[in-house]
There are 2 protein chains.
Amino acid sequence: MKVAVIGANGKIGQHLVEQLQNDDKHKVVAVVRKQEQKQSWEEKGVEARLADLEGSVDDLQTALNGADAVVFTAGSGAGTGDDKTLLVDLDGAVKTVEAAENIGAKRFIMVSAWQANNRENWAEQLLPYYAAKHYADKELMLSSLNWTIVRPGALTDDPASGKVVVGESLAPGSVPREDVANVLFRCLDESGTEHKAFDLMSGDSDVQQSLQAMKELA
Amino acid sequence: MKVAVIGANGKIGQHLVEQLQNDDKHKVVAVVRKQEQKQSWEEKGVEARLADLEGSVDDLQTALNGADAVVFTAGSGAGTGDDKTLLVDLDGAVKTVEAAENIGAKRFIMVSAWQANNRENWAEQLLPYYAAKHYADKELMLSSLNWTIVRPGALTDDPASGKVVVGESLAPGSVPREDVANVLFRCLDESGTEHKAFDLMSGDSDVQQSLQAMKELA
């Protein structure tokens, strides 16, 4: 299975690409925005391609070409304006969904945000970001892809604990980026996690138990 | 038929409310954001209600209560940031759609923007606005409502010419706000204009001919 990681230079993306690179069952393509990022991955022996989420669907198709699965873990970031929230976190994500459909990728995993599906729980200071993620997730759910939507809580740089919890509506909390990457990695091949959307936090279950819990969600 | 006009204090909204008020077949509710706007409509004998598009769906339902039809002609305006583009033009519009469904309004007319359905034609300096309108329109099309999506070109304050053109993909152009209001007014009751989305410009046809042209769209 060839996996394209959109936002490979983000911290979740880096963990995920490294796991995929070290795994015999997967090929990975690190999709990044800048030439120096591409070169950096290539120096580590990882196939890397350039893509601009503000560009055309055609260009995104070129970047995804040959991928069986796509993981979207890109974000416009806290340092940019809400124009980029609309154009990257929403429209960029949806263009990636369209590109994945067009090239025949079957699997799509979206990194969303805790309770993006539920306006009542959107953090006041992050309303535009939550709205963007909400509508991107909705568009993905309407696509023809085998989607999974992972909605992590506050992201930390702590090392993976290996202990998480998933659920349709969890209390607020946090989770290390490395644990998120582990969950994404394990979801890719795990039959029964398609067409599931869930919050993800640090918790008491190992990842294998959490995959089972995902499958039991509505 | 009772028609709720969201954004009644905008220039298109004002023309439309006045037409509805002068017409025996309709009752109108002017939905506005500020108390002074509400009072101003009431002084003209128009029923007016307050609603905040950044508020809850519940509050919007209260504002729409009893309406058979909803016309959405609100906008965050050029003077606000892209946070409001996301929260008003997109999420506010979708919350209005949800509220209309919840109260059992059957008809919904959206004032969109020329070619909002087609990324290739989005004006570079207005990309966030176009993205917001695009996804709001898509959500409306997925609703259970009898929708019509009107996508006017550049809006002018010229008096109505009575001459317009509609089409799935028109060349760029302009159209007086008063002509747009006339088209909205006439669409409300015209059977066969439901589930149609079209560009609207100044043109060579009278409104009656344009209604026919709408019905012939895919």
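Considering only A:R49, A:R186, A:R151, the mean-square fluctuation computed in a Gaussian network model of chain A, springs between alpha carbons under 10 angstrom, is largest for A:R186.
Taking amide H atoms as placed 1.01 Å from N in the peptide plane, the amide H of A:S76 lies under 5 Å from those of A:D89, each 5 or more residues away in sequence or on another chain. I'd like the carbon and sulfur percentage of the solvent accessible area for chain A, probe radius 1.4 Å, heavy atoms only, ligands and nucleic acids excluded. The value for chain A is 45 percent carbon and sulfur by accessible area.
Which residues among region A:146-175 fall inside the zone where the amide N is under 14 Å from a point 7 Å beyond the Cα of A:D204, along Cα→Cβ? Answer for this model: A:163-166.
Residue-wise HN-Hα couplings along region B:10-23, as the Karplus relation 6.51 cos²θ - 1.76 cosθ + 1.60 with θ = phi - 60° gives them from phi, are x, 5, 5, x, 4, 4, 5, 4, 5, 4, 5, 5, 8, 10 Hz; Gly and Pro carry x. For the protein assembly as shown, the fraction of alpha-carbon pairs lying more than 30 Å apart is 47 percent, rounded to a whole number.
Among the residues of region B:50-96, those with an accessible-area drop of 20 Å² or more from chain alone to full protein complex, heavy atoms and 1.4 Å probe, are B:D82, B:D83, B:L86, B:L87, B:L90, B:D91.
How much accessible area per residue does chain A have, counting only protein heavy atoms and a probe of 1.4 Å, in square angstrom?
On the way: 9100 Å² over 218 residues.
For chain A, the per-residue accessible area is 42 Å².
Protection proxy ranking, highest mean first, for peptides A:174-185, B:122-133, B:73-84: A:174-185, B:122-133, B:73-84, where packing is the per-residue count of other beta-carbon atoms within 10 Å, averaged.
Annotation: the antiparallel percentage among DSSP beta bridges lying fully within the protein assembly as shown is about 15. Using the Karplus relation 6.51 cos²θ - 1.76 cosθ + 1.60 with θ = phi - 60°, the per-residue 3J(HN,Hα) values for region A:64-74 come to 8, 3, x, 6, 8, 9, 10, 10, 9, 10, 8 Hz, with x marking Gly and Pro.
Placing +1 on each Lys and Arg Cβ and -1 on each Asp and Glu Cβ, with no other charges, gives chain A a dipole about its Cα centre of roughly 200 debye. For the options A:D189, A:D52, A:D157, a Gaussian network treatment of chain A with springs between C-alpha atoms closer than 10 Å singles out A:D157 as fluctuating the most.
Averaged over the residues of B:118-130, the number of partner chain Cβ atoms lying within 10 Å of the residue Cβ comes to 2. Where only DSSP H runs of four or more residues are counted, chain B gives -11000 deg cm²/dmol as its mean residue ellipticity at 222 nm, each run worth -39500 (n - 2.57).
Under 5 Å from the amide H of B:V29 lie the amide H atoms of B:V3, B:A4, B:V5, each residue being 5 or more positions distant or on a separate chain, with H modelled from the backbone and absent for Pro and chain starts. Around the amide H of A:A197, modelled in the peptide plane, lie the amide H atoms of A:I149, all under 5 Å away and 5 or more residues distant in sequence or on another chain.
Each part reduced to its alpha carbon centroid, region B:95-142 and region A:96-112 end up 23 Å apart. Computed over chain A, relative contact order equals 17 percent, with contacts defined as Cα pairs under 8 Å that lie 6+ residues apart.
The values are calculated or read from the model by the stated rules, or taken from the named source; none is laboratory data. In this text the structure is predicted, and so the values were computed from the model without any measurement. Using ideal geometry, Cβ is built from the backbone for each residue, glycine included, and neighbour counts are taken over all protein chains shown. Please note that ligands, DNA and RNA were not included when accessible areas were found on the heavy atoms of the full protein model with its side chains. Shrake-Rupley method; radii C 1.70, N 1.55, O 1.52, S 1.80 Å.
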